[in-house]
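Bear in mind that the values in this text are calculations on the coordinates, not laboratory data. Predicted model only: the values in this text are computed from it and were never measured. Using ideal geometry, Cβ is built from the backbone for each residue, glycine included, and neighbour counts are taken over all protein chains shown.
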Amino acid sequence: MGTINRQWHADHRMPAKATEDQRGAWHSEHIEACGCRELSAREQDLVVRWRDAQRAAKD
Ligand SMILES: [Zn+2]
C-alpha cells in the first residue's frame, strides 16, 4: 500500500458513469502512478483485460 498521490487523483477523476474500458484504463494508470490501495480481484481482472485489449489493438 503506497501513499496517496493527491495530484494524480486531482488530475484523474473517475467519471461517475465510467465504462468498463474507462475503469480499466483508470486502474491501469493508477497502479503505475499512485497505487494508494490494493486492487480487488475484480479490478485486477479488469486491468488485465484492458491491457490485453490495448496490446491486441496495436497488432
Ligand atoms: Zn491512488
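Enter the angle in degrees (range 0 to 90, nearest 10) between the Cα long axis of helix 20-33 and the first principal axis of the Cα atoms of the chain, meaning the one along which they spread out most.
50 degrees
Go ahead and estimate [θ] at 222 nm for the chain from helices alone: -39,500 (n - 2.57) per DSSP H run with n ≥ 4, summed, over the residue count, rounded to 500. Walk me through the intermediate numbers first.
Values: 3 runs with 38 residues, N = 59.
Value at 222 nm, helices only: -20500 deg cm²/dmol.
Once you list every other residue whose beta carbon is under 14 Å from the beta carbon of Leu39, what net charge do they have if Lys and Arg are +1 and Asp and Glu are -1?
Values: positive: Arg23, Arg37, Arg42, Arg49, Arg51; negative: Glu29, Glu32, Glu38, Glu43, Asp45.
Net of charged neighbours comes to 0.
Would you mind working out the magnitude of the charge dipole of the chain relative to its Cα centre, with +1 at each Lys and Arg C-beta and -1 at each Asp and Glu C-beta, to the nearest 20 Debye?
140 debye
So for the chain, taking the charge dipole from beta-carbon charges (+1 Lys/Arg, -1 Asp/Glu), which of Ser28, Ala53, Ala18 sits furthest toward the positive end?
Selected residue: Ala18.
What full-extension length gain, to one decimal in nm, is calculated for Asp52 and His12 as 0.36 nm per residue of separation minus the Cα-Cα distance? Walk me through the intermediate numbers first.
Details: separation 40, 0.36 × 40 = 14.40 nm, distance 2.19 nm.
Extending this stretch completely gives an extra 12.2 nm.
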